[in-house]
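Novice: Handing you this structure, nothing more for now.
The values are calculated or read from the model by the stated rules, or taken from the named source; none is laboratory data. Note that the structure is a prediction, hence the values are computed from the model and not measured. Here Cβ is always computed from backbone atoms with ideal geometry, including for glycine, and neighbour counts include all displayed protein chains. Side chains included, ligands, DNA and RNA excluded: accessible areas come from the protein's heavy atoms. Shrake-Rupley method; radii C 1.70, N 1.55, O 1.52, S 1.80 Å.
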Amino acid sequence: MSCKRLIVKILIAGAVLWYALCLPSDLFKGEKYSTVVNDRSGRLLGARTSDDGQWRFAPTDQVPEKYKTALIEFEDRWFYLHPGVNPAAIARAAVQNIRSGHISSGGSTITMQVVRMSRGKDRTIREKIIESILATRLELRHRKRKILAMYASHAPFGGNVVGLRAASWRYFGREPDELSWGEAATLAILPNSPSSMHPGRKRTELLEKRNRLLSRLRERGKITGEEYELACQEPIPEAPQALPSYTPHLVDRYAKVRHGETVTTTIDLDLQTRVAQLTDSWSGELSLQGINDLAAVVIDVHTGEILSYVGNADQGRKRPGAQVDILRSPRSTGSILKPLLYCALLQDGKMLPHTLLPDIPVSIGGFSPQNFDMQFAGAVSASEALARSLNVPAVHMLRMYGIQRFCRLLKECGLTTVNRSADDYGLSLILGGAEGTLLDITRAYARMSESTVKAPADFPLNDKTALWWTVDALKEVNRPDEIDWHMISSVKKVAWKTGTSWGFRDGWAVGITPDYAVGVWAGNAGGQGVPGLTGARTAGPVLFEIFNLLPDKSWFTEPQYGEYITAEVCRESGHLAGPYCQNIDNLMLPKTAASSDPCPYHRMVDGESRFILPPAMEWFYRQHHPEYRPLAKSIPGTDFVPMEFIYPEPGTTIFIPRQLDGSIKGATFSLAHRNQKATVYWHLDENYLGETRYIHQMAVNAEPGPHTVTVVDSDGNTLSIGFTVGK
Ligand SMILES: [Zn+2]
């Protein structure tokens, strides 16, 4: 007797233990989900199917009211009252099945259906019993609300559509909480007969079923008579719709880096839609000129968040590069990095905002930068050089700053694609020699803007006065004449820079206000150049139209007291004023500027203050400045030279070019002389080469190795230059 009892006890204990442990802790463990990308307020931007090809969005706890009401009415009226199984429903189903001779009704509760979805087994009596037991167990573990949410997230809706949110988008193109009564009722019915959405006879059945459900809802007072009438008139959707695709490239990216997750981004769907409309329309227009791809990004300066992401506009227009996410593609940077260099030099105190820089031909290691207009101004202020994007002064700036240091600075500014050595880049680094992505570059500009307000510790450009002058120069950036700027409604005040890469392959425009940074790129994803593809002409107008979509806010404020020094600056040279400078401005400067060099160009000549540039700068400068008065003669007893070599630079290695026919013509040396009437006599090492007047150019041909060219003018002034001829 006692033995029997023990056995019974053990059996009961075993049963209780089995019951306690019978339900897996995660019913849907190992389920594969779609990659779903939402905007900052949870609105769907796009999605990609799961690994098993399903539109199965990650589960949520949200079940909207209309759907919930319709579902409970249709599937399980006593859902809130039963403990997971409903014996009355099972009995009713059994009677029905016996009468009809086949299984037409399951009598399953919503809870039992959740268990079945998680187990994916065939419908057998045995399985049904297991489902019933597990359902009661599930009820013990979770609240009704949670069980409903599990159902809504995992119910099959026909084809490869799983879960309410995916179904709602696929069949009705909207979020579940925006469904009408007719739509909610349709989706309440679908999991029960998932194939009935397909065209054919079953659609009529579906419509009838839906209307019967709506009628029941009205009878029970869940919907009004008017709601019922309206809902019955709604058609059943024809076919599944494509999901929204507001940011296809961003969604593609998340499908790689956060595969199968639901990602909430910082994108603002309203702004995204408007920016995309605008870029689509511009892209269509640019494509007529053979410029097929266009990308744009909007960043919130204060948070660094990306508000709008157009990886490549106008996806509707089929072309080879449409899939390329330009925002993350490394492209030749053109002139777009110049503001960073300008700001860094001001921050160093090595250069002042308007310091006069040489704009004369230079050749460094076989590299001869040209300005875009192929002209040389002789000398130009740093701020103007930046605004006009002159290349030769930029090369001087990079020399002043140091290539290696600038590489480091670019990396610290977040340019992830600057990873070659400084030697490899050389001075062309500042003229597009480096590659950058539109996203990295726009972020760097955004941080410059942020830095004007608060100096982030991890951003290298943080001197507010240097930043203020940089922004000031960038608001002067020339707007090309051929654009009808009046067409672009109310052109805003924006600090901006354009860039055009070698061969007209990349057109850049990046701009900032204190609140937003906008970056635009135009070109061909495949890299084909297009004559006339310049940043100012292609990307510039798009940039301004995007700024017009953004709220109008403040402009940059001047640095605060204590963040700058005030110093006397020579108006002509931009240097700190020297004793002979005449026009002096009091400027706000970075504190580091206190130790910079005074004006080297104003000198006392015959008791008079004169502005005298070095000969090479002077030679080009006077062509643009008729008011410039060159010296008639050299000043005895000073370091003032009457002549200067323009090419080559002293101490450099030159290469003697070969003509097309194989003959050697020699390298053309050129010299500037202050006195336009001077005659210059040229010598290579010990040998006389010839004489020049007015334009001093001489072909020099020498064996590989070190040499010296010496020039003597008619007044007896002598100048020598050492150089090496490379092999
Ligand atoms: Zn001066």
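Novice: Could we say that residue 184 is over 22 Å from residue 49 (Cβ atoms), surrounded by 21 or more Cβ atoms within 10 Å (Cβ to Cβ) and within 42 Å of the chain's Cα centre (by Cα) here?
Specialist: Values: over 22 Å from residue 49 (Cβ atoms): yes; surrounded by 21 or more Cβ atoms within 10 Å (Cβ to Cβ): yes; within 42 Å of the chain's Cα centre (by Cα): yes.
So residue 184 passes the test.
Novice: Something else now. I'd like the residue in the range 568-606 that is among the hydrophobic types (A, V, I, L, M, F, W, C) and under 18 Å from residue 470 (Cα atoms) and, out of all such residues, is nearest to the ligand (Cβ to nearest atom). Break it down into steps so the answer makes sense when it comes.
Specialist: Quick first cut of the range 568-606, residues among the hydrophobic types (A, V, I, L, M, F, W, C) only: 569-570, 576-577, 581, 584, 587-589, 593-594, 599, 604-605.
Filter once more, keeping what is under 18 Å from residue 470 (Cα atoms): 569, 587-589, 593.
On the way: 569: 9, 587: 13, 588: 19, 589: 16, 593: 15 Å.
Across the range 568-606, the extreme among qualifying residues is 569.
Novice: Mind checking which residues of the range 676-702 are in contact with a Leu (Cβ under 9 Å, 6 or more places away or on another chain), open to solvent by 20 Å² or more (accessible area, probe 1.4 Å) and part of a strand (DSSP E or B)?
Specialist: If the condition is that a residue be in contact with a Leu (Cβ under 9 Å, 6 or more places away or on another chain), open to solvent by 20 Å² or more (accessible area, probe 1.4 Å) and part of a strand (DSSP E or B), then 681, 683, 697, 698, 699 are the ones that fit.
Novice: Please work out which one of (1) open to solvent by less than 30 Å² (accessible area, probe 1.4 Å); (2) modelled with pLDDT under 95 is the condition residue 400 fails and give its number.
Specialist: Going through the list (1) open to solvent by less than 30 Å² (accessible area, probe 1.4 Å); (2) modelled with pLDDT under 95, residue 400 breaks only (1).
Novice: Checking the condition open to solvent by 30 Å² or more (accessible area, probe 1.4 Å), away from the ligand (no atom under 16 Å from the Cβ) and under 50 Å from the mean Cα position of the chain (by Cα), which residue from 705, 651 passes? Give the derivation first.
Specialist: Numbers: 705 fails: open to solvent by 30 Å² or more (accessible area, probe 1.4 Å).
Criteria check complete, one pass: 651.
Novice: Quick one: which helices (runs of 4 or more DSSP H) sit completely within the range 86-188 and have at least 2 residues that are within 30 Å of residue 240 (Cα to Cα) and in contact with a strand residue (DSSP E or B) (Cβ under 6 Å, 6 or more places away or on another chain)?
Specialist: On the way: elements: 87-100, 110-119, 125-141, 144-154, 164-172.
The qualifying helices (runs of 4 or more DSSP H) are 164-172.
Novice: Being of a type in the set (A, V, I, L, M) and farther than 30 Å from residue 249 by Cβ narrows it down to one residue among 45, 17; which is it?
Specialist: When all the criteria are applied, what remains is 17.
Novice: When the residues of the range 559-577 are narrowed to those that are touching a strand residue (DSSP E or B) at 6+ places or on another chain (Cβ under 7 Å) and more than 20 Å from residue 603 (Cβ to Cβ), which ends up surrounded by the fewest Cβ atoms within 10 Å (Cβ to Cβ)?
Specialist: Taking the range 559-577 and keeping what is touching a strand residue (DSSP E or B) at 6+ places or on another chain (Cβ under 7 Å), we get 559, 564-577.
Of the ones still in play, those that are also more than 20 Å from residue 603 (Cβ to Cβ) are 559, 564-567.
On the way: 559: 19, 564: 21, 565: 15, 566: 9, 567: 17.
Applying the filter and picking the extreme gives 566.
Yes/no per residue for (1) under 40 Å from the mean Cα position of the chain (by Cα); (2) closer than 30 Å to residue 329 by Cα:
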site: 150; (1), (2): yes, no
site: 172; (1), (2): yes, no
site: 177; (1), (2): yes, no
site: 191; (1), (2): no, no
site: 210; (1), (2): no, no
site: 225; (1), (2): no, no
site: 239; (1), (2): yes, no
site: 248; (1), (2): yes, yes
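Novice: What are the pairs with Cβ atoms under 7 angstrom where one residue, in the range 123-147, is open to solvent by 40 Å² or more (accessible area, probe 1.4 Å) and the other, located anywhere, is acidic (Asp, Glu) and not in a helix (DSSP H, G or I)? Sequence gap at least six, or different chains.
Specialist: Taking only residues 6 or more apart or on different chains, the pairs are 146/61.
Novice: A further question on this structure: Among the residues of the range 578-616, write down those that are open to solvent by less than 30 Å² (accessible area, probe 1.4 Å), farther than 21 Å from residue 342 by Cα, at pLDDT 90 or above and of a type outside the set (D, E, K, R).
Specialist: 578, 581, 601, 602, 609, 612, 613
Novice: Which residues, counting only those in the range 256-283, are open to solvent by less than 40 Å² (accessible area, probe 1.4 Å) and at pLDDT 95 or above? Full working, then the answer.
Specialist: Residues of the range 256-283 that are open to solvent by less than 40 Å² (accessible area, probe 1.4 Å), as a first pass: 260, 263, 265, 267, 269, 271-272, 275-276, 278-279, 283.
Listed by number, the residues that qualify are 263, 265, 267, 269, 271, 272, 275, 276, 278, 279, 283.
Novice: Can you find a residue that is at pLDDT 95 or above and open to solvent by less than 40 Å² (accessible area, probe 1.4 Å) anywhere in the range 420-431?
Specialist: Pass one, the range 420-431, residues at pLDDT 95 or above: none.
No, the range 420-431 contains no residue that is at pLDDT 95 or above and open to solvent by less than 40 Å² (accessible area, probe 1.4 Å).
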